Structures are given as C-alpha cells and as structure tokens.
Amino acid sequence: MIDYLGATKQLKPKDKPFLGHLHHEASYQSGWDKYLLNGCRSIEIWHNKPAGIIRIKGSLAYFYQGHNFFFTNRQFVEATNYLNDILHLNCYDSMVDIFEYGQILEVKGLPRNFIQNHRERPKSGLLLYENPKDRGNFRRWEAPEIRLKMYDAGKNIQQKQDKEMQELIQAGGWNPKGNHLKFEAYYKKPEALLNRGRAIMLADLVNPNFNKIFRADLYNLSLATEN
C-alpha cells in the first residue's frame with residue numbers, strides 16, 4: 001500500500017498547469033510557490049515557474065479518502081487521475097523522490113506487545129528512536145536511505161479519526177476489536193534501493209512488477225528487525 005509520497009514533474013513547453021483550484025499558501029525567493037489542494041485532507045502542490053517544475057507532496061490515501069488503513073492501486077489511480085484533471089497535466093511521468101510503502105498485518109495478541117519486543121538486528125545500520133508518549137504503540141528506525149515504522153494501526157485510527165470516519169473505515173474492513181499492526185518503509189532514496197539507481201516514476205508505483213519488488217523489499221526489511 002502506497003502512502004506518503006513526494007514526486008517531481010519536469011514541465012514540457014506544451015504543459016500549461018492550471019492552478020485555479022488550488023489555495024496559494026506562500027511564495028519564496030527561490031522561485032517556488034506553495035499551494036494546497038483540498039480533499040479529505042490537503043495535499044501540497046509546489047510550482048517553480050522559472051524552472052518549469054511541479055512537485056506533489058503528501059498522502060494520496062489521506063487526500064482521497066481521509067485515512068491510510070487501506071488504499072488499493074485502483075484508488076491510487078483514481079486519486080492521480082483526479083490530480084491530472086485538476087492540474088491539466090499528466091502526473092504519471094513525475095519522478096518519485098520519496099514514498100512510503102506499508103502493509104497491515106493481523107497479529108496474535110496486542111500490537112503493543114509485539115512492538116515493544118521488536119529490536120533492530122546487529123549491524124543492520126538502523127538506529128531506534130522512541131517517544132515515551134507513544135506508550136509502546138509506535139517505534140521507528142532510521143538509516144541514511146530509509147526509515148522504518150511499526151505501529152498499532154487500530155490505535156492510530158482511534159486517536160486520529162473522528163467517529164464518522166471510524167465508521168467508514170470499519171465498513172471497509174477494520175475491526176476495532178482486532179489486533180492490527182502496520183509495518184511501513186519510508187524510502188528516502190527509492191531509486192537507489194529499489195531500481196538500481198534508475199528513476200522511479202509515479203506510474204511505477206502501481207505497476208504489478210514494481211509492486212512485487214516493494215513487497216519483497218518490505219519483507220527483507222522486516223528481517224532487519226527481530227522479535
């Protein structure tokens with residue numbers, strides 16, 4: 001499942017981005033203008049007119065449906081098509097700068113117990129970061145090219161979503177009494193880790209062949225931590 005992403009599109013002379021539906025947030029001396037596109041949650045659209053660049057930052061899952069408990073490739077395509085229509089552009093050829101890929105697992109026992117017993121393996125290159133306020137429901141590990149996160153997905157919904165949204169997520173398959181653990185990889189340099197240094201395009205994120213690579217890599221990353 002794809003969550004947060006940052007993607008950059010180099011505009012061609014024929015491209016004429018339409019920004020009329022966006023809310024202008026700020027202008028910078030560097031040439032960048034920051035806009036917000038409202039959806040269930042806002043997504044950032046950055047435009048550098050002198051350089052001819054459009055940049056997308058945010059979670060298409062939250063933008064499209066207000067949560068990230070599930071988000072299918074079909075929904076990803078629908079959300080991207082909506083961006084295309086709004087911006088009068090083809091965003092599929094945007095280069096992916098960063099993105100998150102994760103899976104939700106049903107585990108035996110409380111996710112909190114599973115998370116607290118999970119550690120980075122020796123020589124994995126991962127550094128553990130914890131916040132006491134998370135009370136064992138969230139852990140992350142950092143390395144130069146990647147960030148790993150493990151958290152209680154059900155607790156995340158209960159803390160961040162209102163009653164109406166919780167009911168919608170429940171209708172989509174969430175069991176409030178279930179034990180849902182999410183393991184997620186935030187790729188800071190996805191081309192280096194997943195495509196031998198070659199650029200990954202937005203369209204690749206829903207390509208079945210790339211999805212196999214993402215799933216396999218997430219599994220391998222899970223082996224860098226141990227229970």
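List of remarks:
- Per-region count, the range 74-98, residues buried (at least 18 other Cβ atoms within 10 Å of the Cβ), under 14 Å from SER59 (Cα atoms) and out of contact with any Asp or Glu (no Cβ under 8 Å at 6 or more places or on another chain): 5
- Taken over the range 196-215, the residue count meeting the criterion of being assigned to a loop (DSSP other than H, G, I, E, B) and either touching a residue at least 12 places away in the same chain (Cβ under 8 Å) or basic (Lys, Arg) (or both) is 4.
- Annotation note: Cβ proximity below 6 Å between a residue of the range 27-54 that is without any contact (Cβ under 8 Å) to a residue 60 or more places away in the chain and within 20 Å of VAL96 (Cα to Cα) and a residue that is part of a loop (DSSP other than H, G, I, E, B) and among the polar types (S, T, N, Q) (sequence gap 6+ or interchain) occurs for LEU36/SER42.
- At least 3 residues being in contact with a strand residue (DSSP E or B) (Cβ under 9 Å, 6 or more places away or on another chain) and at pLDDT 90 or above is the threshold, and among the strands (runs of 3 or more DSSP E) wholly inside the range 75-164 those reaching it are 95-106, 138-143, 146-152.
- Residues of the range 130-142 include none that is under 21 Å from the mean Cα position of the chain (by Cα), among the polar types (S, T, N, Q), crowded, with 17+ Cβ neighbours inside 10 Å and closer than 19 Å to TYR62 by Cα.
- Selection from the range 161-182 of residues that are without any contact (Cβ under 8 Å) to a residue 60 or more places away in the chain, farther than 19 Å from GLY109 by Cα, surrounded by 11 or more Cβ atoms within 10 Å (Cβ to Cβ) and not acidic (Asp, Glu): GLN166, GLN170
- Listed by position, the strands (runs of 3 or more DSSP E) enclosed by the range 12-63 that each have at least 2 residues that are surrounded by fewer than 16 Cβ atoms within 10 Å (Cβ to Cβ) and more than 22 Å from the chain's Cα centre (by Cα) are 23-27.
The values are calculated or read from the model by the stated rules, or taken from the named source; none is laboratory data. Note that the structure is predicted; figures quoted are calculated from it, not measured. Methodologically, a virtual Cβ is constructed for each residue, glycine included, from the backbone with ideal geometry; neighbour enumeration extends over all protein chains shown.
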